[in-house]
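Since every read-out is calculated from the coordinates, none of them should be taken as a lab result. Just so it is clear, the model here is predicted, and its values are computed rather than measured. Here the Cβ is made from the backbone with ideal geometry for all residues, glycine too, and neighbour counts use every protein chain on show.
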Amino acid sequence: MTLRNDRLPDITSHIELIDRFLDGSIAAPEFQLSFLEAIKSEPRILGDPVFPILQELFEDADAYVEYPHLRDAPDDLDDEQLHECASRARQALRDLGYA
């Protein structure tokens with residue numbers, strides 16, 4: 001991982017999880033559970049500018065609803081929408097310098 005800023009935290013495990021979802025190695029339900037757990041168990045305070053990106057993806061993962069018949073709220077996300085959110089977060093992390 002190449003960082004433009006040495007002060008950015010090492011979030012390799014989070015990035016690898018996002019990348020596995022984006023490349024199809026894991027499906028949306030597994031990504032949701034794994035990502036929510038990873039962020040909940042993160043022992044560090046990540047701070048700006050990384051935390052807002054991961055927090056937004058956490059909220060997106062939390063809004064994901066696997067089964068279409070259970071999606072009844074306007075903010076419920078399906079597989080494709082969660083994938084788009086993960087892609088957007090990954091690009092934001094690249095923009096910070098995470099390869």
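Computed packing ranks the peptides 40-53, 75-88 as 75-88, 40-53, most packed first, by mean other Cβ atoms within 10 Å.
Only one of (i) 51, 30, 30; (ii) 40, 30, 24; (iii) 46, 25, 20 was calculated from the structure for Cα extents along the principal axes in Å, and its label is (iii). Taken about its Cα centre, the chain carries a charge dipole of about 520 debye when Lys and Arg each add +1 at the Cβ and Asp and Glu each add -1 at the Cβ.
For D23 and D75, calculate 0.36 nm times their separation in residues minus their Cα-Cα distance, and state this gained length in nm to one decimal.
Values: separation 52, 0.36 × 52 = 18.72 nm, distance 2.45 nm.
Going from the current span to full extension adds 16.3 nm.
Relative contact order (percent) for region 1-85, with alpha-carbon contacts under 8 angstrom and 6 or more residues of separation? Relative contact order of region 1-85: 27 percent.
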